[in-house]
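We did not get these values from a lab; they are worked out from the coordinates using the rules stated. Predicted, not measured: the structure shown is a model, and the values here were computed from it.
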Amino acid sequence: MNKEDLVKAIASKTQLTKENANKAFDALIQTITQSLKNGESVALAGFGSFKVTKRAERQGRNPRTGAAITIAAATVPSFTAAKALKDAVKS
């Protein structure tokens, strides 16, 4: 499922126009992104939580040459699925 499919599904389930559903979806993504950028976590009950984690500098290898390289420290987003979501996906 891509963004267009997701917007269509939101529009049909909420009886919004596709344009308004797209605006709502974009606003959701922008709000989550801005919260993570500010160092805040976002918890959605029954779905999961988004948070920012810090990844330390580490050593790696260039797969082509085998030479050791230093991989810089980074701040990355992470997602943890809620138990309800995990249970819903189980088959």
Q | Per principal axis, descending, Cα span of segment 6-58 in whole Å | A | 47, 22, 19
Q. Angle between the Cα long axis of helix 3-14 and the longest principal axis of the chain, 0 to 90 degrees, nearest 10?
A. 30 degrees
**Q.** Cα-only Debye scattering, the chain: base-10 log of I(q)/I(0) at q = 0.16, 0.17, 0.22 Å⁻¹
**A.** -0.87, -0.92, -1.11
Q: Give me the angle, in degrees from 0 to 90, between the Cα long axis of helix 18-37 and the longest principal axis of the Cα atoms of the chain, rounded to the nearest 10.
A: 30 degrees
